[in-house]
Amino acid sequence: MEARNFRYLFENTDDGIVLSGGIWDMRDNQCTNFAYVCGMRNKKEVDNEGHGAMFRFERNNEPCHIFILASFSIYYIKTLLRMLHRHQLRTVLLPYVSLQHRLALLQWYQGERKLEPGLAEFMEHPYTYLKNTGVENVYLLQGNGEVWRGEEHQFASGHHFELLDKGKLQTINEMEGHYVPVVKAGYIIENDWLFYFGHYEPDVSLYEQPGSIINSTIVMFQCPLHTGSDETDSVMAGKVFSRQKNCVPYFDIEEKNCFYKCIYEEDYTVYRKHKKQYREEGCFGTLTVGNVNMGRYLQEIFGRFYGVRKQIRAITISSCGNREYWNRQCLTMMLGEDLQYWVCGLDRTTSPFVISDVAVASPLNRIVTISEEYGYCFSGYLVPFEEDNVVL
């Protein structure tokens, strides 16, 4: 069966959510692994070797083809540096943050401590550091570029980003002291899959708050392409997994029974409504909004991601459900035609009012709370719609 297999794992850190996933296209035996990490605040005291970002991805030495450092915070920068030493990273995306603010964040964090290897060098010259460690593609994002509309010319495989306007780029290069190719948020098409990005700046007032110096956010939508009911047949399921489970986001091509084994042994939910004949596209996507302030940026996010709103199966709740970052209008603006999962990492700032808003807004809404003990997995496969290749 010439299937496109996929798996997304939502995991909790103590102040954010990690989304990691794998795509295995059996038609040409190509795999793409990706990871998106984003937290709510900077912290001086962190333990990255215990419960924390990317503990599932680090169980093996599998390559990570697309890594998104969605918030510029020490906790996740250290995760990126650790990943650079343990895994092959091909493409890295991160917000552009000025040299002044990077050094201020480093000074705040350092205090009397000895800095981890590579941290100071990364903070001074992130683009150069990543390129020198072997990352093939490095994208520092500022602002937003082309909007994804699903038009024919946009489906070309590759990386689609455009440089900042000449004046802005010149100003950045003068501040940095050398050329840094900062780009507008765009999209990547790889392995017949779309990774579509938006970039949103922080409130200026946050620059004056110790530990919250940098709060710029990358929002990401990802989903398979060519999923209309006349093109593909499919199976997709959602399952809770515990910390004791050996779930990983990537595919081991020699071990093909993860999906099948899980649905025989675990409770799970199957999604089918997107298969109706009138649907032009399926509903297999995720929208991760990181720590973006939805009160301030909801209209901009809705405008940028309007064209994919009916393909969103799961959407994260910004900043672990912190009420200050919430906007209940997103419940109507982002509502699709199918069951929609609102994923919230549990944190001391999680508001019961936010959870209640989501739960009562629609019977199609499902709350998924991610904790240190439990995560959530979406997985499935798509096959060409042919008479001898139909999923029952």
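Could you check how many residues of region 341-384 are under 20 Å from the mean Cα position of the chain (by Cα) and not hydroxyl-bearing (Ser, Thr, Tyr)?
Result for region 341-384: 15.
Tally time: how many residues in region 117-171 are in a helix (DSSP H, G or I) and in contact with a Phe, Trp or Tyr (Cβ under 7 Å, 6 or more places away or on another chain)?
4
Taking region 154-178 as the search range and keeping residues that are closer than 20 Å to Tyr200 by Cα and of a type in the set (A, V, I, L, M, F, W, C), which one is surrounded by the fewest Cβ atoms within 10 Å (Cβ to Cβ)?
Leu163
From the list Arg56, Arg90, exactly one residue is modelled with pLDDT of 90 or more and either farther than 25 Å from Ser216 by Cβ or open to solvent by 40 Å² or more (accessible area, probe 1.4 Å) (or both). Which is it?
Of Arg56, Arg90, the one residue that is modelled with pLDDT of 90 or more and either farther than 25 Å from Ser216 by Cβ or open to solvent by 40 Å² or more (accessible area, probe 1.4 Å) (or both) is Arg90.
With the checklist (1) part of a helix (DSSP H, G or I); (2) in contact (Cβ under 8 Å) with a residue 12 or more places away in the chain; (3) farther than 30 Å from Leu225 by Cβ; (4) hydroxyl-bearing (Ser, Thr, Tyr) in hand, flag the one item Ser356 doesn't pass.
The single condition Ser356 does not satisfy is (2).
Check Leu331 against each of (1) part of a loop (DSSP other than H, G, I, E, B); (2) free of Cβ contacts under 8 Å to residues at least 60 places away in the same chain; (3) not aromatic (Phe, Trp, Tyr) and name the one condition it does not meet.
(1)
Just to check your reading of the model, which residue among Leu103, Leu99 is in contact with a helix residue (DSSP H, G or I) (Cβ under 6 Å, 6 or more places away or on another chain) and open to solvent by 10 Å² or more (accessible area, probe 1.4 Å)?
Leu99
Which condition does Asn61 not pass, out of (1) within 20 Å of Val135 (Cβ to Cβ); (2) modelled with pLDDT of 85 or more; (3) not in a strand (DSSP E or B), if it passes all the others?
Every listed condition holds for Asn61 apart from (2).
Yes or no, residue by residue, for (1) more than 23 Å from Thr369 (Cβ to Cβ); (2) modelled with pLDDT under 90; (3) in a strand (DSSP E or B):
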position	(1), (2), (3)
Met1	yes, yes, no
Asn12	no, yes, yes
Gly21	no, no, yes
Cys31	yes, no, yes
Ile66	yes, no, yes
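Which numbered condition in (1) of a type in the set (Ser, Thr, Tyr); (2) surrounded by 21 or more Cβ atoms within 10 Å (Cβ to Cβ); (3) at pLDDT below 90 is the only one that Ser379 fails?
(3)
Suppose we keep only residues that are more than 15 Å from Gly307 (Cα to Cα) and among the aliphatic types (A, V, I, L, M) within region 133-153. Which one would you say is surrounded by the most Cβ atoms within 10 Å (Cβ to Cβ)?
Leu141
Suppose we keep only residues that are part of a helix (DSSP H, G or I), in contact (Cβ under 8 Å) with a residue 60 or more places away in the chain and not aromatic (Phe, Trp, Tyr) within region 304-327. Which one would you say is surrounded by the most Cβ atoms within 10 Å (Cβ to Cβ)?
Only one residue fits best here, namely Ser319.
Between Arg296, Arg366, which is more than 23 Å from Cys283 (Cα to Cα) and either of a type outside the set (A, V, I, L, M) or in contact (Cβ under 8 Å) with a residue 60 or more places away in the chain (or both)?
Of the residues listed, the single one that is more than 23 Å from Cys283 (Cα to Cα) and either of a type outside the set (A, V, I, L, M) or in contact (Cβ under 8 Å) with a residue 60 or more places away in the chain (or both) is Arg296.
Looking only at region 322-349, how many residues end up being at pLDDT 90 or above and either farther than 21 Å from His199 by Cβ or hydrophobic (A, V, I, L, M, F, W, C) (or both)?
Summing the residues that are at pLDDT 90 or above and either farther than 21 Å from His199 by Cβ or hydrophobic (A, V, I, L, M, F, W, C) (or both) in region 322-349 gives 11.
When only residues in region 328-345 that are in contact with a Cys (Cβ under 9 Å, 6 or more places away or on another chain) and buried (at least 17 other Cβ atoms within 10 Å of the Cβ) count, which is farthest from Cys377 (Cα to Cα)?
As a first pass, look at region 328-345 and keep what is in contact with a Cys (Cβ under 9 Å, 6 or more places away or on another chain): 336-340, 344-345.
Adding the requirement that they be buried (at least 17 other Cβ atoms within 10 Å of the Cβ) leaves 336, 338-340, 344-345.
On the way: Gly336: 20, Asp338: 18, Leu339: 15, Gln340: 14, Cys344: 14, Gly345: 14 Å.
So, considering only residues that are in contact with a Cys (Cβ under 9 Å, 6 or more places away or on another chain) and buried (at least 17 other Cβ atoms within 10 Å of the Cβ), the one farthest from Cys377 (Cα to Cα) is Gly336.
The values are calculated or read from the model by the stated rules, or taken from the named source; none is laboratory data. It should be emphasised that the depicted structure is a prediction, and the values quoted were computed from it without experimental measurement. Virtual Cβ from ideal backbone geometry, glycine too; neighbours counted across all protein chains shown. With ligands, DNA and RNA removed, areas are computed over all heavy atoms of the protein, side chains included. Shrake-Rupley method; radii C 1.70, N 1.55, O 1.52, S 1.80 Å.
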